[in-house]
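Shown next, in structure tokens, is the structure this report addresses.
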Amino acid sequence: MIVAVIPVYNEASTISRVVEETKKYVDLVVVVDDGSTDGTRKVLKNLNGKVFVHTHIVNRGVGAATATGITAALNSGADIIVTLDADLQHKPRDIPRLIEPIVRGEADVVIGSRFKKPPQGMPFTKIIGNKLLNFITKVLYGFESTDTQSGFKAFSRKAASKIEITVDKYGFCSEIIGEIKKNNLKMKEVPIDVIYLDKQKGTSIIDGIGIAVDLILKRFSR
Amino acid sequence: MTLIQILGLFVLIGILFYLIKSAKKRVDAAILLTIMIFVLLLIIAIIPQKLESFLEQIGFWRPFDAFLTLLSTTSLILALKIYLKQKEAEKAITKIIQHLALNKEKENK
């Protein structure tokens, strides 16, 4: 069973489209509403079909929402779990390509990388920020990835059960890279295209600094 | 001992008495740190000259420099401790929120 996990926070205008599109490629969609206040909850109530909705009563961050979603997916009996963003950034039609290495037994975790080919439409500050976080992740965890901050990932059941997400906010992506190394999981990267509809959303420079601080604290608190 | 030293001593001893009284009711890191700071100030007020010659030998020009260095270092350590405690509390809150979310799912079928 393939389960998609979509953490959502204040995405009332896009979530319905993302879920409807994702449903075509998976057996179940788990949406985690991370304390939205913009009417997302109302939109989620109107979703039909193979969709589970879990609600965080207050906003805890994308890492916490993803962790809740992965636990829910595992509880539902998922064999493969795909995580993607709720802002239409990722294309659900890439899901079959993303999970292919897991289906073939070549990988436990697959990262949809925005940097496997030259990124289109990505703001310059985000390119620099992402490269810097890739470097910090490599220094701290000794594991290389072209896109440590990608939210479009696929996990085998085994990998999802072993990976422990403790960082509540954006730093969870780098934490996952550290967990891959710690648990000796096989990782592959697949190039993906992304669409940037709202350049103000996602990680800001302040978020980037926060991620770096979280990573350093996490690394040395072990 | 100059008049200003004597006045300073009275004020510092008064504050210390008040702090120690508070510490009896509730001991925490902040109160202990404040007591330590005022004890240091008291020592500086009683023997400024003797302290000056000792501190000069270990690289400080004036007792006040040593006091500020110690204060800023301790403040930094305290800030980090508070940050880590806050993180711990946030983790606990997240666990509760996640538990609630997982046990109250809405199934749309």
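All conditions in (1) open to solvent by 40 Å² or more (accessible area, probe 1.4 Å); (2) over 27 Å from residue A:40 (Cα atoms); (3) free of Cβ contacts under 8 Å to residues at least 40 places away in the same chain hold for residue A:130, with the sole exception of (1). Among what's in the stretch A:62-76 and is more than 8 Å from chain B (Cβ to nearest Cβ) and in contact with an Asp or Glu (Cβ under 8 Å, 6 or more places away or on another chain), pick the residue that is surrounded by the most Cβ atoms within 10 Å (Cβ to Cβ). Within the stretch A:62-76, the match that is surrounded by the most Cβ atoms within 10 Å (Cβ to Cβ) is A:65. A count restricted to the stretch A:36-60 and to residues that are open to solvent by less than 10 Å² (accessible area, probe 1.4 Å), more than 7 Å from every other protein chain (Cβ to nearest Cβ) and within 20 Å of residue B:95 (Cα to Cα) stands at 0. If you go through the stretch A:148-182 and keep only what is in a loop (DSSP other than H, G, I, E, B) and open to solvent by 40 Å² or more (accessible area, probe 1.4 Å), you end up with A:164, A:169, A:170. Listed by first and then second residue, the pairs linking a residue in the stretch B:7-21 that is under 18 Å from residue B:32 (Cβ atoms) and at pLDDT 80 or above to a residue that is of a type outside the set (A, V, I, L, M) and open to solvent by less than 30 Å² (accessible area, probe 1.4 Å), with Cβ atoms under 6 Å apart and 6 or more places separating them unless they lie on different chains, form an empty list.
Conditions (1) away from every other protein chain (no Cβ under 14 Å); (2) exposed (fewer than 12 other Cβ atoms within 10 Å of the Cβ); (3) farther than 30 Å from residue A:167 by Cβ; (4) β-branched (Val, Ile, Thr), marked per residue:
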| site | (1), (2), (3), (4) |
| --- | --- |
| B:40 | yes, no, yes, no |
| B:44 | yes, no, yes, yes |
| B:51 | yes, no, yes, no |
| B:54 | yes, no, yes, no |
| B:69 | yes, no, yes, yes |
| B:72 | yes, yes, no, no |
| B:89 | no, yes, no, no |
| B:97 | no, no, no, yes |
| B:100 | no, no, no, no |
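Checking the stretch A:10-20 against the condition returns a match, with at least one residue being more than 20 Å from residue A:164 (Cα to Cα) and within 11 Å of chain B (Cβ to nearest Cβ).
Residues checked against (1) more than 14 Å from the chain's Cα centre (by Cα); (2) under 22 Å from residue B:97 (Cα atoms); (3) free of Cβ contacts under 8 Å to residues at least 12 places away in the same chain:
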position	(1), (2), (3)
A:39	yes, yes, no
A:59	yes, yes, no
A:68	no, yes, no
A:83	no, yes, no
A:86	no, yes, no
A:91	no, no, no
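Among the candidates B:4, B:93, B:97, the residue that is part of a helix (DSSP H, G or I) and in contact with a His (Cβ under 6 Å, 6 or more places away or on another chain) is uniquely B:97. Residues that are within 14 Å of chain B (Cβ to nearest Cβ), of a type in the set (D, E, K, R) and in contact (Cβ under 8 Å) with a residue 40 or more places away in the chain are absent from the stretch A:140-155 altogether.
Does at least one position in the stretch A:15-24 carry a residue that is more than 19 Å from the chain's Cα centre (by Cα) and open to solvent by less than 40 Å² (accessible area, probe 1.4 Å)? No, there is no match, as no residue in the stretch A:15-24 is more than 19 Å from the chain's Cα centre (by Cα) and open to solvent by less than 40 Å² (accessible area, probe 1.4 Å). May I ask you to verify whether residue A:24 is touching a Pro at 6+ places or on another chain (Cβ under 9 Å) and either touching a residue at least 12 places away in the same chain (Cβ under 8 Å) or among the polar types (S, T, N, Q) (or both)? For residue A:24, the condition - touching a Pro at 6+ places or on another chain (Cβ under 9 Å) and either touching a residue at least 12 places away in the same chain (Cβ under 8 Å) or among the polar types (S, T, N, Q) (or both) - is met.
Within the stretch A:15-32, is there a residue that is among the small types (Gly, Ala, Ser) and farther than 24 Å from residue B:93 by Cα? Yes, because at least one residue in the stretch A:15-32 is among the small types (Gly, Ala, Ser) and farther than 24 Å from residue B:93 by Cα. When the residues of the stretch A:173-183 are filtered to those that are hydrophobic (A, V, I, L, M, F, W, C) and under 11 Å from residue A:137 (Cα atoms), the one that is modelled with the highest pLDDT is A:176. Residue by residue through the stretch A:1-21, note down the ones that are touching a residue at least 24 places away in the same chain (Cβ under 8 Å) and in a loop (DSSP other than H, G, I, E, B). Answer for the stretch A:1-21, where residues must be touching a residue at least 24 places away in the same chain (Cβ under 8 Å) and in a loop (DSSP other than H, G, I, E, B): A:1, A:9, A:10, A:11, A:12, A:14.
The values are calculated or read from the model by the stated rules, or taken from the named source; none is laboratory data. Keep in mind that what you see is a predicted model, and the values were worked out from it rather than measured. Cβ atoms come from the backbone with ideal geometry, glycine included; neighbour counts cover every protein chain shown. Keep in mind that these areas ignore ligands, DNA and RNA; they rest on the heavy atoms of the full protein, side chains included. Shrake-Rupley method; radii C 1.70, N 1.55, O 1.52, S 1.80 Å.
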